[in-house]
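Read through the structure below, which is laid out as structure tokens, and then see the notes.
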Amino acid sequence: MRDHFKEILNNSKQLKVLVVGDLIYDEFIWGDVQRISPEAPVQVVEWKADNDALGGAANVANNLAALGCHVYMSGIVGNDEKGARVIELLKEKGIEHKGVIRDKNRPTSNKTRIIAQNQQILRIDKENKNSITEEIEKKLCRYAEKIVSEIDGIICSDYLKGVLTENIIGCLVKEARKQGKMIIADPKGTDYSKYKGINVLTPNKLELENASHIKIVDNGDLKRAAGLICEQCDSDAILVTRGKEGMSLFEKNGELCHIPTEAREVFDVTGAGDTAISLFGIALFSGASKQEASKLATIGAGIVVAKVGTSVVKKEEIEHFLKENEVLIGNKILGIKELKYILNSKRNEGNKIVFTNGCFDILHVGHIQYLQKAMEFGDLLVLGLNDDDSVRKLKGPKRPLINQDERANILAALDCIDYIALFSELTPENIIKEVMPDILVKGGDYLPKDVVGKDIVESYGGRVEIVPFIEGYSTSSIVKKIIDKYRD
């Protein structure tokens with residue numbers, strides 16, 4: 001998957017994307033706090049520096065441009081100094097801005113953030129949230145009608161500042177469908193009816209709760225809420241951003257897929273949603289699946305939250321992450337350290353972890369049926385696989401017949417197995433301590449009291465399940481059959 005993501009990023013230079021939404025001028029004042037004001041019980045910020053950046057929908061455009069896309073920006077700014085600065089910044093980033101209209105009757109949306117010791121302590125907003133006029137709606141629609149045939153996809157970034165009206169979204173959806181283009185949106189508010197026809201919506205968990213009027217406590221609630229919005233908006237999928245829990249992709253066929261967060265450190269979540277929808281759009285418009293696009297979006301968001309202020313993610317940063325974390329990207333065969341990291345994320349999402357172990361030398365139907373049965377006890381099946389040295393000690397000097405890498409890759413092809421980790425001990429006691437499964441499954445004629453690891457699992461509330469092997473199937477019997485058949 002690493003190479004596929006790199007291919008998507010390399011091809012981003014060929015993508016043309018239209019971004020429509022609320023442009024915001026982001027202003028940052030940086031300083032230190034050493035004392036409390038004698039005038040009032042408030043902190044005194046000693047100014048050190050200031051800077052500005054593209055915010056809102058303009059930050060989505062900036063993220064796309066930073067990754068090499070040809071970006072068309074459409075929206076409004078005020079006929080004021082900050083509006084002029086937004087236009088200037090768009091030019092500096094190489095973003096096409098002919099679709100940006102100067103409105104003399106409203107100010108440019110402006111967010112001023114005061115940051116001390118890398119912590120945001122205050123934000124001041126200056127904005128007009130009223131819907132744009134019918135005259136401006138017509139101008140934006142005419143621009144969209146002109147440009148949609150030239151682009152690969154549309155991203156709507158709604159900050160509820162008045163640009164993405166029902167008429168504007170209706171116009172974009174109509175043109176996108178006419179031209180066979182994908183359209184995705186980061187929605188806001190409690191009434192999603194105006195987003196009808198958008199292919200994919202990307203609300204956060206709280207926004208989804210507010211729009212669906214369903215309190216999301218578990219995965220069942222999430223599916224019901226996402227399913228309701230998916231049906232109401234005639235959408236193909238809902239990508240729910242869930243902070244430290246990562247993202248969840250719900251598709252209209254009812255499938256729900258969880259993508260754990262890739263964030264290592266979180267300093268500032270400003271603009272993380274903009275980065276996520278940008279990368280999701282790049283992947284989706286490039287022909288990737290929605291699950292692949294969601295994974296790439298999660299990686300980008302995990303990188304940007306480690307920065308302070310409105311930031312973008314660069315191609316080199318993503319490639320570095322992919323290189324450093326290749327084992328985590330779509331690979332079932334993991335080391336213990338990587339496996340523990342993933343399982344921690346999966347547990348946070350409410351998944352039950354099932355563990356079993358064995359040599360699996362010459363995979364046969366008995367093995368497969370056993371593994372399929374083991375999978376049914378929980379949400380994820382982890383297989384501890386004996387390495388070659390431990391197999392020799394357990395089975396004799398002529399075993400294994402198939403080496404550990406081949407065995408692992410054959411088993412990884414089974415849908416019932418989620419992750420595989422090799423271990424070298426004669427018993428799985430140590431790997432069970434690391435994995436800490438909710439359910440420990442053992443095959444054969446064991447009694448629960450005789451299962452290695454039973455005490456460990458039960459000490460934290462887990463349990464043991466026994467699945468009898470199907471008679472007549474074993475590696476030894478297959479070997480004997482082959483010898484007997486080909487002896488002469």
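Just so you know, all these numbers are worked out from the coordinates, no wet-lab data involved. What you see is a predicted model, and the numbers here were worked out from it, not measured in a lab. Note: ideal-geometry Cβ built from the backbone for every residue, glycine included; neighbour counts use all protein chains shown.
Applying 1/(1 + (r/R0)^6) with R0 = 41 Å to the Cβ-Cβ distance of His4 and Leu122 gives a FRET efficiency near 0.45. By other beta-carbon atoms within 10 Å, ranking Asp218, Asp125, Asp438, Asp158 with the fewest at the front produces Asp218, Asp125, Asp438, Asp158.
The gain in end-to-end length when the Lys398 to Leu206 segment is fully stretched comes to 63.2 nm, 0.36 nm per residue minus the alpha carbon separation. Residues Val467, Val240, ranked from the fewest to the most other C-beta atoms within 10 Å, line up as Val467, Val240. Say a paramagnetic label sat at a point 7 Å from the Cα of Gln14, along Cα to Cβ; which residues of region 158-184 have their backbone N under 20 Å from it? Backbone N within reach: 180-183.
Placing a label point 7 Å from the Cα of Glu231 along the Cα-to-Cβ direction, the residues of region 162-195 whose backbone N falls under 17 Å from that point are 192-193. Sorting Ile342, Ile184, Ile336, Ile154 by the number of Cβ atoms found within 10 Å of their own Cβ, with the fewest placed first, yields Ile336, Ile342, Ile184, Ile154. Taking label positions 7 Å along the Cα-Cβ direction at both Asp218 and Lys139, the computed distance is 5.3 nm, reported to one decimal. Evaluated with a Cβ-only charge set (Lys, Arg +1; Asp, Glu -1), region 336-486 carries a dipole of roughly 340 debye about its Cα centre, given to the nearest 20.
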